[in-house]
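Student: This is the structure I have questions about; it appears just below.
The values are calculated or read from the model by the stated rules, or taken from the named source; none is laboratory data. Since we're looking at a predicted model, the values are computed, not measured. Every residue, glycine among them, receives a Cβ derived from its backbone with ideal geometry; neighbour counts consider all protein chains shown.
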């Protein structure tokens, strides 16, 4: 019996992997930008 992951077509797996990577990258950039803005506003 195939697992759920094996039943999903490879193209959809690839799209899902890119979507997850993109979301993670956006979250990291957002967190860094927020930290940078907070550091600048509290420094002055």
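Student: Quick one: is residue 17 surrounded by 10 or more Cβ atoms within 10 Å (Cβ to Cβ) and on the phi < 0 side of the Ramachandran plot?
Tutor: yes
Student: Tell me whether the stretch 31-40 contains one or more residues that are at pLDDT below 95 and exposed (fewer than 10 other Cβ atoms within 10 Å of the Cβ).
Tutor: yes
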